[in-house]
Structure formats: C-alpha cells, structure tokens
1. For A596, project a label point 7 Å along Cα to C-beta. Then give me every residue of segment 365-385 with its amide nitrogen under 18 Å of that point.
2. For Q504 and K570, FRET efficiency with R0 = 35 Å and r from the beta-carbon atoms, rounded to 0.05?
3. Could you run the Karplus curve 6.51 cos²θ - 1.76 cosθ + 1.60 with θ = phi - 60° over segment 564-580 and give me ³J(HN,Hα) per residue in whole Hz, x for Gly and Pro?
4. Quick one: length gained pulling M467 to E563 fully straight, 0.36 nm per residue minus the C-alpha distance?
5. Along the principal axes of its C-alpha atoms, what lengths does segment 145-328 span, in descending order and rounded to whole Å?
6. Points 7 angstrom from Cα along the Cβ direction at R401 and S526: gap in nanometres?
7. Translational diffusion coefficient, Stokes-Einstein: compute it for segment 334-404 using the Kirkwood radius over C-alpha pairs as Rh, at 10 °C and 1.306 mPa s, and state it as an integer in µm² s⁻¹.
8. Neighbouring Cβ atoms within 10 Å as the yardstick, rank C426, C256, C485, C474 fewest first.
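Read the figures in this text as sums done on the coordinates, not as results from a lab. Keep in mind that this is a model prediction, so the values were computed, not measured. Virtual Cβ from ideal backbone geometry, glycine too; neighbours counted across all protein chains shown.
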Amino acid sequence: MNRAAHNDTPVFPRPSRWWYLVFALAIGALILSLNSEDANSLLFSEFRDALRKGRVVGPVVIGEHTIQAEIREREGTVRFVTQPPPGYDVVPLIEAAKLPYTGAHESQWNGLVPLMIACALLLGVFWLIAMRRGGSAPVSALPFSRHRAQIHSEKDTMVTFKDVAGIDEAVEEVQEIVEYLRHPGRFQALGGRVPRGLLLVGLPGTGKTLLARAVAGEASVPFLSLSGADFVEMYAGVGAARVRSLFGKAREIAPCIIFIDELDALGKMRTGSMSGGSDEREQTLNQLLVAMDGFSPNAGVIVLAATNRPEILDPALLRAGRFDRRVVVDRPDIRGRLQILRLHTRNIKLGRNVDLAVAARRTAGYTGADLATIVNEAALLAARRRRDQVGMAHFEEAIDRVMAGLERRSRLIGRREKAVVAVHECGHAMITSLVPHADPLHRVSVIPRGVGIGGMTLQLPREERGMMTRAELCDRVAVLLAGRCAEDIVFGDVSTGAAQDLQQATEIAYRMVAEYGMSDRIGPLSVARADRPLLMHERTTERALGDETAREIDVEVRRILLEQDERVRKLLGEHRRRLVALARVLRDRETLDAEAFANLMKAPLKRKAKANPAL
Ligand code: ADP
Ligand code: ZN
C-alpha cells in the first residue's frame, strides 16, 4: 500500500474541498440575509409608549406595513421594527414626537428572495442524495467526492527486483510479464501466451504493491495505480467513469502497468441484492470487465491486481483473458526475513553486535512491511538515544514494540502453535512418501497463509489427468487425514487446524461411494446429476434415493475415512520418532523443499533424541 510515491500526477483533478466551503458560505449568507432585518420586533403599543417617553430616535421609516426606527436602551440604541394596526395612520404620532420621518415602498419580492435561495439549496441537497442512491447524473458535472480517489501515475517507479526480497517465487512468476513488456514482439514470436491480468494474492504488507511497481520498474514502463476501495461509496457512474479513464490513459501511454489494489473491494461476488451501494459497484465491476476484454493482446497493457481474499471475487473476474493467473505472495520464511532485513538495513549503520539472523528467527509470521517497520523503529530508537549506530538492543526493542501491535491483531504464531502446525504438516508430508500413489511432495511450510490456516503441504501433481483409480483416491484421503493423525500421535490431542483437511477427505470419500461406484456395498450406482458433479451439501436435497440407500452411503463414507485413518495412524506410529525429529527441523527452518525433506526422511535418527511430547 505504498502509494505515496514519486512523481504522482493526478489524472483527475482532485475534487476539492472548496466546494464544501462554497456550500457552507451559501448557507451562511442565507442565514444572514434572513436576519438582515436584524431588528427586534416590538409591539405597536410598546412603540407608542417609547415614542411618548422620547426613547425613539429617528429617522422613522414608515413602510406600507411596517415602521422602522431605533430605540434607546441602556446599552445604546437598538434597531426595531413594528407593525401598526391596519389602516392606522402613524404620521400624526410621529409628528407629535417631533421626529424626522420618511416613507418606504417595500417590494413584494423582498421577503421571497431568501425563501427562494433556501428552496434552491434544499433542492441541491436532495439532488445529491438521490444521486448517491444510484440514480444517474452527468458525471462531468460532479464536483463532489467523499474519497480523494485518484489515479497515481508514475513514469518511472525507480523500483526494481533488487528492492524486493524474500518472495522469490512470486518474483519468478512475474518475470514473464517483464519479458513481454520489454520486447512485446519477440515475446509473441517465441510463442509466449501474452498475459493480460494477474492477481497477486497475499496478506497486507507482503509486498504486492512493491512487486507490481518493481515489474514496471524492471520493464521501464509507466505505472498507473488505483485502489479498489476508491471505487466504492462513490456517486453513481463515477466508478465506471474512473475505470474508463484509467484504461483510456493506459492505452495512450502503453506499454504500461495498471495496478488495482484491494480488488476485492470492487470485485466482490455479485449478490443480486437490491441495496444501492452494490448497484454502483456492479456498474463499476462491469465496466472493468468490459475494459479488460477491450484490449487486444498486443496493446501492451498488463493489469495487476492485489487481494487478500481471492475466494470472494466475482468469478467473472477470474475468467480467461481477465485475471486468469494468480501469484501467491506469501509471508516470508526465516531465510526470506533475513533477506528483507538485510535489504532494509543496507543504508543503516549497524553496530557490531547486530545479528540479523537472530532478528529473523524472532519474527515468524511478520510480513515484509512489518520488518521494514522494525528496521525503521530500531533506527529511530538509536537516534533518540543519540547513538551513531543501531545496536542489537534497539532491534530487540523494536521487535517487541511491533510484536505488541501484531499480537493484538493476532497475526503471530506462538511457539506452541508453531510446534503443532509443524507436526501436522510433517504428518501430511511423511504420508506422501509412505503411501504408493500420492502425488510427490513439493514443499512443506509452517508459515501461515491466511486466517485460520496454519501451514501447508504442497504436492506436485504427477501428471495432468482426468482420471483416478480407487487406490489413488484412497491414498489421497490418507494424506489429507495425516495432519490430524500426526497431532494426535505426538500430542495426544487434535486441533481445529484439520477442518479443511477433513472436509476435503469427506468430499472425496463421498464421491467414491456415491458417484464413482467404488464401494462394494453400495455397488455401481451414481447419485450424481448428469449435468454436473454432486456437491456434498446438496446430497440431501437433490438425491432421488430412498432413506435406506442414503444411510448406507453415509455408513460407507465413514468406513472409508476410518479405514484410511487407521492406516495412517499405523504408518505414522511406526515412524513416530522420525515424525518428531522432522517436525523439530520444520519448526526451526519453517520451510522444507522436497529434496531437504527426502534427505531428512533417510537421515539416521539420533539415538538420544527422545520423543518429547511438546517437541
Ligand atoms: P502490500 O501491497 O502487499 O500490502 P506493500 O508492497 O505495500 O505491501 O509493502 C509495504 C512496504 O513494506 C514496502 O514498501 C516495503 O518497504 C516493505 N516490504 C514489503 N514486502 C517486502 C519485500 N518482500 N521485500 C522488501 N520490502 C518489502
Ligand atoms: Zn492439514
């Protein structure tokens, strides 16, 4: 979210606060004009009394319906107005008091003008409210905007891949885009499929914006950016107009990068609700889809978008030719954190006692932005204490401070939780090599990916295929159940971390029974609808089966799951010590690739390593 960038030139004139001022002034003027007769009104009898007592000072202005003059009070004279009874002639009274007087003709419009101004203002307010509700209004005539939304345009971001650390895989994946932007012709001649939209998925602060700017910098193309949040809560049509303007500008200056931060704010799934806000968003979303489809592949415009919640995006956004590619920007592991710390301290004078590796070890779960904050904070602390170098103590303190903030937002992983996650993930990983048909392990990690998801075990599909055998599906279920089994074996207890595993395993087992005819007891029968596969949660509503069969299916599903659970339990039980040893390594190193894992599986176990339940 580093949008406070260099050379920002707003593409739209900033909708200024001046309009609010004008509005306020108008109302002020109105109030003044309503009170401009700033005279106290007096009963006619009071006026007559005052006249007799000589307190009225002239000249007296006699109008058709009113009399105005000044009256002497203790503090001075006060202007007043009074109304004589209809038909009463006041002139003799005033002549008797020997006051100068004059007549005045009141225009019958006088009283109406303020009223008309008031009406005009009211109408204006209603117009604005109506527009916010989703009516349409000429966009160009809109001076108001609650957000200071603007497109940032940078000719040169001055950021390169050298400024990005610890997210090597993501960098690797965007490399192709740089290649294309640099030499579009050559790229296409070599048969590269030109990417159009690419979704950067990751928590805030993991470096998505940084990465996007680095792509622009590496390719030496301009960088246009806007946040999805800027599109919502805007007056009708403005969001769509903004999209058009953004893409229009991009076309002009292509090749270039368009970056949309917080895409989910704008691209949430359409719910079909009738609420006003979503109408506007939908209009904007549609405009975005149209704009993306409007580019020819060689237009040289690449749209990058960032989100933390890809699962809530409207599926239309993810279709081919739109954001059909996804790059995960994970929180860095211990090595990545060290790299990021090194990068951010490169221009800082570090004391000799500073060990960045220790700082990296202490900061599991921190994002790149968190680490940048720590370095900054440490430097500030050192400066405040008038040191000419940043020492380890400053780092320690900075980490504590940042940690306090993160703990409140519960984004950190405690030591205990990390141990549980390590055991869980090692369970998955070990079973991939202990059963014959599992997809081979790619990487295993204890760095959390999102809310509620501890670590992950990535497998590489052996080959693309649309068909699987019963034995393969059984092994797949076994791998899924292994995380929970491992927790139970090592800690004698299980955590909520297995919820998704169980859901997937159950889904597979259900399909084996109800769709693929892989249960001997149920036989070769399918309860899936012909046009699409059956989803678990629909099974009670859409199935045209008797209760008896339904119950039997459930029994069979459970049998498959229990059988695999038993099998995994036995396998992991036999390798319990290795499981614990592996989990320890994983806890400390945070990620293990396939090769490292395979080596550890073969390495001789140390005799003395006793299986400590808490690791
Ligand atoms: P996001 O867009 O994912 O929310 P940003 O790209 O705005 O995160 O990151 C904010 C700042 O944090 C960056 O400007 C940079 O200083 C620092 N930062 C984040 N990730 C990294 C990284 N991988 N390498 C170096 N610095 C990083
Ligand atoms: Zn799991």
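1. So the set is 365-366.
2. Once the sixth-power term is evaluated, E becomes 0.95.
3. Once rounded to whole Hz, the list reads 5, 4, 4, 4, 5, 4, 5, 4, 5, x, 5, 10, 4, 5, 5, 4, 5.
4. Value of the extension gain: 32.3 nm.
5. 47, 33, 29
6. Spacing of the two 7 Å Cα→Cβ label points: 6.4 nm.
7. 136 µm²/s
8. Result, fewest neighbours first: C474, C256, C485, C426.
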